[in-house]
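Visitor: Have a look at this one.
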Amino acid sequence: MAIAIRAVSTGDTNGGPSTTCTANKPTGTVDGDVLIGFAGSRRGSNVTLAAPAGWTAILGQVNATNAGARAWYRVASSEPSNYTFTIGDIATHGQVVVVCFSG
């Protein structure tokens, strides 16, 4: 079976102050699928980015004075209905993207 994108889900702080950002589980996700999560934040200070428990870091860069982006992966197994990522100290803007791959 070829690797294919099954679905994508996004979450956004809508420009409002928040310390977390939530994305729903991508539609159709089944056990064994690979999930890649991306989070980004823009803030004046104290940018931190963290995934929920069970995610493994792939890469990331945080400039502690204003912005950051990170990526994580996990293999789907009895997934929750959504994922809440930490985006730091009251971000002015944060976004999360979760991509589900099958195959």
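Visitor: Tell me, which residue of the stretch 19-54 that is within 16 Å of Ala69 (Cα to Cα) and among the hydroxyl-bearing types (Ser, Thr, Tyr) is modelled with the highest pLDDT?
Guide: Per the stated criteria, the residue is Thr22.
Visitor: Then there's this: Collect the residues in the stretch 79-100 that are more than 10 Å from the chain's Cα centre (by Cα) and either hydrophobic (A, V, I, L, M, F, W, C) or at pLDDT 95 or above (or both), keeping them in residue-number order.
Guide: Selection gives Glu79, Pro80, Ser81, Asn82, Ile90, Ala91, Cys100.
Visitor: Any residue in the stretch 58-78 that's outside any strand (DSSP E or B): show its pairings with residues that are modelled with pLDDT under 95 at Cβ separation under 6 Å, as long as the two are six or more apart or on different chains.
Guide: Between residues of the stretch 58-78 that are outside any strand (DSSP E or B) and residues that are modelled with pLDDT under 95, the close pairs are Ala64/Val47.
Visitor: On to the next question. Look through the stretch 1-17, keep the residues that are assigned to a strand (DSSP E or B) and over 15 Å from the mean Cα position of the chain (by Cα), and return whichever of them is surrounded by the most Cβ atoms within 10 Å (Cβ to Cβ).
Guide: Taking the stretch 1-17 and keeping what is assigned to a strand (DSSP E or B), we get 4-12.
Then drop every residue that is not over 15 Å from the mean Cα position of the chain (by Cα), which leaves 4-6.
Details: Ala4: 9, Ile5: 12, Arg6: 18.
Looking at the filtered set, the residue picked out is Arg6.
The values are calculated or read from the model by the stated rules, or taken from the named source; none is laboratory data. Fair warning: this is a prediction, and the values are worked out from it, not measured in the lab. Counting neighbours? That spans all protein chains shown, and the Cβs are built from the backbone with ideal geometry, glycine included.
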